[in-house]
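Just below is one structure, and these are the notes that go with it.
Bear in mind that the values in this text are calculations on the coordinates, not laboratory data. Remember, it's a predicted structure, so these values are computed and weren't measured experimentally. Neighbour counts run over all protein chains shown; Cβ positions are idealised from the backbone, glycine included.
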2 protein chains.
Amino acid sequence: MRIGELSRRTGVPTRMLRYYEEQGLIAPRRRENGYREYGEYLVDRVRKIRELLDSGIPTRIIGDMLPCLDDTSDTVIAEPDPELRALLVEQRDKMSERITVLEHNRDALDRYIVAMDRAERDVADGAVSTV
Amino acid sequence: MRIGELSRRTGVPTRMLRYYEEQGLIAPRRRENGYREYGEYLVDRVRKIRELLDSGIPTRIIGDMLPCLDDTSDTVIAEPDPELRALLVEQRDKMSERITVLEHNRDALDRYIVAMDRAERDVADGAVSTV
DNA sequence: TTTGACATTATCACCCATGTGAAGGTTTGA
DNA sequence: TCAAACCTTCACATGGGTGATAATGTCAAA
């Protein structure tokens, strides 16, 4: 498919799709006329890229990780690369840390919201105002 | 305490501490000589700022959220602000989404790492090489 | 009490990452 | 033929820092 269709199907502006290509995250083939030709699988790939960027993973890392993020559990690896392994372990652990921090703070936010609602309800019930 | 000590105790360069002040995240008082004077509680606060920034939360949002992130469960709110509530709910939900994405991808990474190790072990066991 | 090392101050400018806007040119397809 | 889709390229925006300079403050040893 061409860039416009991919853009429509992923919700990602064409401008950004070209940018991701520049960053080495996707590598569409070219038609004779110079137009980019995107394979079907790139729809999911682009969505995954957006998710990861939204979660704060930089493009450089995404580029290294993408080939390892297929959801199949029966991945077969021909030549295990120790350097790649180290990078993946590092990223996995960083992700775990982020998850911990986010959970912690989300829960704190949630408690605060509940407290706000409690206060609101108390006001509505005619409790003595603390303003 | 002065900026150098806070820097030592948090591991955050003085340059950054001044930057966070500029961004409105911390507001140390000043001594007569112009030096910044940091209260003890800012040690935790600066650590929390670092955590949140590392997790991809922008300073603007951190500034709004910080007062709501105390870990005490018995927070009392005098005048519940609906706008603030909306912002907090939005951020809480964004955090939940991020957590989901990060968990998903961390698990995928983890599976890949396990697969690599399995491949490595097979090689060591003298399995037929696929190189 | 002065000297010298070290901490702090402010300010200006610069870097990288992630986008975004706009100009100017080519290709497609009704 | 003409609009819409595509192409490249250059430039700008924002966020989060970082480096360098020059001036002042502190403190201890000579």
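Which count do you get for residues in segment A:26-41 that are among the acidic types (Asp, Glu) and within 12 Å of DNA strand D (Cβ to nearest atom)?
Our first condition is that a residue be among the acidic types (Asp, Glu); within segment A:26-41, this holds for A:32, A:37, A:40.
Adding the requirement that they be within 12 Å of DNA strand D (Cβ to nearest atom) leaves A:32, A:37.
Residues that pass the stated criteria total 2.
Taking the criterion of being out of contact with any Ser or Thr (no Cβ under 8 Å at 6 or more places or on another chain) and within 30 Å of A:Arg92 (Cα to Cα), would at least one residue in segment B:27-37 satisfy it?
No - not one qualifying residue is present in segment B:27-37.
Regarding segment B:58-68, can at least one residue be identified that is within 14 Å of another protein chain (Cβ to nearest Cβ), more than 16 Å from DNA strand D (Cβ to nearest atom) and surrounded by 15 or more Cβ atoms within 10 Å (Cβ to Cβ)?
Scanning segment B:58-68 turns up at least one residue that is within 14 Å of another protein chain (Cβ to nearest Cβ), more than 16 Å from DNA strand D (Cβ to nearest atom) and surrounded by 15 or more Cβ atoms within 10 Å (Cβ to Cβ).
Going through segment A:21-55 one residue at a time, which ones are out of contact with any Leu (no Cβ under 9 Å at 6 or more places or on another chain) and closer than 30 Å to B:Thr59 by Cα?
Those that are out of contact with any Leu (no Cβ under 9 Å at 6 or more places or on another chain) and closer than 30 Å to B:Thr59 by Cα: A:Glu21, A:Glu22, A:Gln23, A:Gly24, A:Arg47, A:Arg50, A:Glu51, A:Leu53, A:Asp54.
Note down all Cβ pairs under 7 Å where the first residue falls in segment B:38-67 and is without any contact (Cβ under 8 Å) to a residue 60 or more places away in the chain and farther than 16 Å from B:Arg2 by Cα, the second is away from DNA strand D (no atom under 11 Å from the Cβ) and among the small types (Gly, Ala, Ser), and they're at least six residues apart or on different chains.
Close Cβ pairs (under 7 Å, with a partner that is away from DNA strand D (no atom under 11 Å from the Cβ) and among the small types (Gly, Ala, Ser)) amount to B:Gly56/A:Ser55.
Of the residues A:Gly34, A:Gly63, which single one is within 11 Å of DNA strand C (Cβ to nearest atom), small (Gly, Ala, Ser) and not in a loop (DSSP other than H, G, I, E, B)?
That would be A:Gly63, the only listed residue that is within 11 Å of DNA strand C (Cβ to nearest atom), small (Gly, Ala, Ser) and not in a loop (DSSP other than H, G, I, E, B).
Scan segment A:69-83 and tell me whether some residue there is within 14 Å of DNA strand D (Cβ to nearest atom) and of a type in the set (S, T, N, Q).
no
Each row is one residue, and each column tells you yes or no for (1) within 14 Å of another protein chain (Cβ to nearest Cβ); (2) assigned to a loop (DSSP other than H, G, I, E, B).
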{"position": "A:Met16", "(1), (2)": "no, no"}
{"position": "A:Gly39", "(1), (2)": "no, yes"}
{"position": "A:Glu51", "(1), (2)": "yes, no"}
{"position": "A:Val89", "(1), (2)": "yes, no"}
{"position": "A:Glu103", "(1), (2)": "yes, no"}
{"position": "A:Arg106", "(1), (2)": "yes, no"}
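Could you list all residues from segment B:37-60 that are of a type in the set (A, V, I, L, M) and more than 16 Å from DNA strand C (Cβ to nearest atom)?
If the condition is that a residue be of a type in the set (A, V, I, L, M) and more than 16 Å from DNA strand C (Cβ to nearest atom), then B:Ile49, B:Leu52 are the ones that fit.
Scan segment A:1-39 for residues that are of a type in the set (A, V, I, L, M) and loosely packed, with under 13 Cβ neighbours inside 10 Å and jot them down.
Residue satisfying the conditions is A:Ala27 alone.
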